[in-house]
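What follows is calculated from the coordinates using simple rules that are stated; it is not laboratory data. What you see is a predicted model, and the numbers here were worked out from it, not measured in a lab. Cβ coordinates were reconstructed from backbone atoms using ideal geometry, including for glycine residues, and neighbour counts include every protein chain displayed.
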Amino acid sequence: MSNPATDVSAHEVTPPGDFEIKDYLRLDLMPHFMCPGCGHGIALRALLWAIHELGIEKDNLAIVSGIGCSGRVGAYIDASTFHFTHGRPLAMATGLKLARPDLTVIVISGDGDCLAIGGNHLIHACRRNLDITCLMLNNEVYGMTGGQVSPTTSESMLTTTTTTGNIEPAFDACKLAEAAGAGLVGREVTLQVPTLKNLIRDGITHQGFSFLEVISDCTEIYGRKNDLGESPEMILKQKSDLRPESFGNTADRPFRPNKLETGVLARSDRPEYGVAYRAHAARAKTRGGGK
Amino acid sequence: MSGNFEHLHGNHACALAAVAAGCRFFAGYPITPSSEIAERMSKELPKVDGTFIQMEDEMGSLAAVIGASLGGVKAMTATSGPGFSLKQENLGYASLAEVPCVIVNVSRGGPSTGMPTRPAQSDIMQSRWGSHGDHPVIVITPDSVAEIYNETIRAFDLSEKFRVPVVLMFDQVIGHLQETVEVSDARKLKTIERKWAKGDKDGFEPYAATKDAVPPMARPGDGKRAHTTGLTHAESGFPTQDTEIVARNMNRLLSKLEINKKEIEKYECVETGDAEYLIVTIGISARAARRAVKTLRRKGVKAGLFRPITLWPFPEEAFRQAAAGAKAVLVPEMNAGQLVLEIERLGSDDCHVAGLNKIDGEPIVPAEIVAKLEELAR
């Protein structure tokens with residue numbers, strides 16, 4: 001007997017169009033391994049919805065991810081999926097996209113994977129502007145390893161390696177990506193799935209490197225440690241007071257404001273690197289190998 | 001024989017051979033003494049519609065190579081000691097995920113920054129055991145420019161055929177030698193390409209056991225939509241910690257080179273038939289040893305040389321045969337004693353094994369080998 005209060009299907013909001021997430025998932029891998037309340041699944045839904053709307057064939061879709069909770073999300077997508085080493089998915093995707101420009105290459109990374117161990121690859125991926133879309137799922141913590149401080153952990157927050165509160169300033173990854181030359185930079189929260197889906201669509205259709213920061217919530221580890229409430233509470237606060245005022249925060253302003261700007265934050269029409277390389281190589285070829 | 005001879009720099013020979021072997025992607029990071037390989041690749045690859053990219057670091061270089069290879073393109077990177085250390089992370093990935101790729105290590109003095117412009121042979125153990133965990137890897141050690149050319153082609157063939165990273169390792173002297181090479185006509189050259197997966201997606205298992213222990217590979221776009229991971233995985237490609245499945249798949253992975261060792265092993269024997277004193281060495285030290293054998297034979301000492309061209313897996317049986325009648329084995333190497341450990345392991349109880357080590361950045365000369373062997377013969 002179904003209870004209307006707990007029956008999820010009764011409350012399901014059917015998105016417009018004919019998007020059916022099950023068409024894009026490896027259902028035989030279910031149940032998935034993400035914690036209850038984890039925002040990564042919402043990001044995954046928005047990504048697959050965008051892919052559906054753009055009409056990208058699953059056979060021509062390559063998903064590359066690194067290590068951490070974000071790194072495990074890709075495996076649930078029914079596409080060619082590559083779970084690479086920690087911090088290196090953008091470098092791997094660079095080789096894949098240059099070798100196979102016919103593929104739509106999407107990288108799913110996390111705040112630790114993308115900004116700490118993989119920070120160098122991120123800035124150079126932005127600089128080159130190769131046609132890759134990078135989704136950085138930012139949950140402010142190393143969740144997979146048990147909840148250590150990350151480069152985006154807000155000041156004063158508790159983690160297993162900042163047991164008296166974090167004093168390290170947090171990264172504004174979008175400003176970093178913009179300064180490094182990314183073709184499109186955007187940020188969205190998981191609260192607004194259609195808006196997030198549209199941003200991902202913008203990212204994928206942009207001819208160049210797109211860096212998209214998705215504010216995700218780690219309810220089980222980070223939320224619990226910091227008494228941030230259940231997942232709905234954390235998600236509702238994503239755009240406001242999730243990052244509390246703290247003693248260190250003022251010194252850092254406006255580098256990392258409490259109130260996060262969302263949407264497309266930067267866009268440029270710099271040449272896409274793959275196109276530029278192939279044109280340059282063709283010229284060198286006709287000249288007989290260049291100088 | 002096409003008879004097309006060229007006078008080539010060792011590192012350039014490596015680049016030209018890679019292109020002849022079908023390499024169409026190169027990612028590298030500048031490092032002495034291997035940079036000439038990247039420089040030449042940057043010039044050659046556009047001519048054949050290939051791609052060259054200088055990456056932001058050593059890890060990224062091998063990552064990009066693995067990305068290109070998983071995309072279906074033969075790919076290579078080149079480095080030296082410090083960069084080789086950094087590449088161990090993704091080398092392990094290529095071993096476990098079974099991604100064909102060629103990694104050139106033009107070896108220089110270490111540890112750390114060491115002697116960038118000086119030769120050494122001190123990466124012998126790192127080339128085998130540098131990455132964490134038990135992992136298959138093939139290491140090839142040419143000793144001339146002509147051999148760099150031919151062995152680069154063989155490195156690609158082995159890598160493709162057995163889905164394994166192949167390390168092509170030669171010291172700075174060999175890399176910077178200028179010698180005459182018979183260059184292959186790429187159009188006539190028969191090269192090997194990996195087995196591609198055929199058939200339906202349904203029931204396709206990217207790591208299924210096969211007779212040769214090498215599963216056919218899925219290519220993005222072929223409809224297989226496979227999963228590739230650095231996590232220990234089942235035949236399906238998806239991670240598992242089921243002990244039985246892990247054991248089965250790891251045993252298959254680790255058996256791959258053993259099962260196919262006859263095709264992988266390669267060595268050179270010089271006057272080993274009646275040798276009472278056997279020299280075992282590689283690279284520039286082997287060239288000195290070849291000369292030393294001649295000198296010693298003239299002096300009436302029955303000396304011989306056993307040179308592994310495939311260093312790892314080590315050609316054990318061939319070595320044992322060559323050493324069968326030996327009273328002593330001498331292992332000259334430009335390190336503090338690495339290859340000698342393998343020889344001690346393989347040598348019989350009644351055969352004395354001695355090392356000749358040089359760690360000052362100068363190659364071992366024939367006279368040093370002659371003197372050491374005469375000392376052993378006394």
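Here the Gaussian network model covers chain B, with springs between Cα atoms less than 10 Å apart; of B:G203, B:G60, B:G28, B:G203 fluctuates the most. Summing Lys and Arg as +1 and Asp and Glu as -1 over all other residues whose Cβ lies under 13 Å from the Cβ of B:C269 gives a net charge of -1. Seen from B:I245, the other residues with C-beta closer than 14 Å to its C-beta sum to a net charge of -2, counting Lys and Arg as +1 and Asp and Glu as -1.
P(r) tail, the protein assembly as shown: Cα-Cα pairs separated by more than 47 Å, 24% of all pairs. Report the net charge of residues surrounding B:T310, where surrounding means a beta-carbon distance below 15 angstrom and charges are Lys +1, Arg +1, Asp -1, Glu -1. My count for the surroundings of B:T310 gives -3.
Can you work out the PRE-style zone for B:E263? Point 7 Å along Cα to Cβ, and I want the residues of region B:82-100 with backbone N under 17 Å. Answer for this model: B:98-100. In this entry, region B:267-377 is assigned a mean projected area of 6.0 nm², taken as a quarter of its C-alpha convex hull surface. When the charge dipole of chain A is built from unit charges on Cβ atoms (+1 for Lys and Arg, -1 for Asp and Glu) and taken about the Cα centre, the candidate among A:L199, A:G223, A:A93 whose Cα reaches farthest toward its positive end is A:A93.
Our estimate of slack between B:R345 and B:T191, defined as 0.36 nm per intervening residue step minus the Cα-Cα distance, is 51.9 nm. List residues of region B:31-73, by number, whose backbone nitrogen lies under 17 Å from a label position 7 Å along Cα→C-beta of A:R270. Of the residues in region B:31-73, B:54-57 have backbone N under 17 Å from the label point off A:R270.
Note on chain A: Lys pairs 8 or more places apart or on different chains, Cα atoms under 26 Å apart, count 19. In this simple spin-label approximation, A:T205 and A:R278 carry label points 7 Å from Cα along the Cα→Cβ vector, and these lie 2.1 nm apart.
Would you mind telling me the antiparallel percentage of the DSSP bridges in region B:79-190, rounded to 5? Here the share of antiparallel DSSP bridges comes out near 15 percent. Legend: calculated FRET efficiency, A:Q148 to B:V246, from the Cβ-Cβ distance at R0 = 35 Å, rounded to 0.05, equals 0.80.
Take the Cβ atoms of A:I21 and B:E317, set R0 to 60 Å, and the FRET efficiency comes out at 0.60. Largest mean-square fluctuation among B:A197, B:A21, B:A323, in a Gaussian network model of chain B whose springs join Cα atoms under 10 Å apart, belongs to B:A197. Restricting to the protein assembly as shown, what percent of DSSP beta bridges are antiparallel, rounded to 5? Restricted to the protein assembly as shown, the bridges split so that about 25 percent are antiparallel. Site pair A:L54 and B:K211 shows an inter-label distance of 4.4 nm when each label is modelled 7 Å from Cα along Cα→Cβ. Over chain B, the ratio between the Cα radius of gyration and 2.2 N^0.38 Å evaluates to 1.00.
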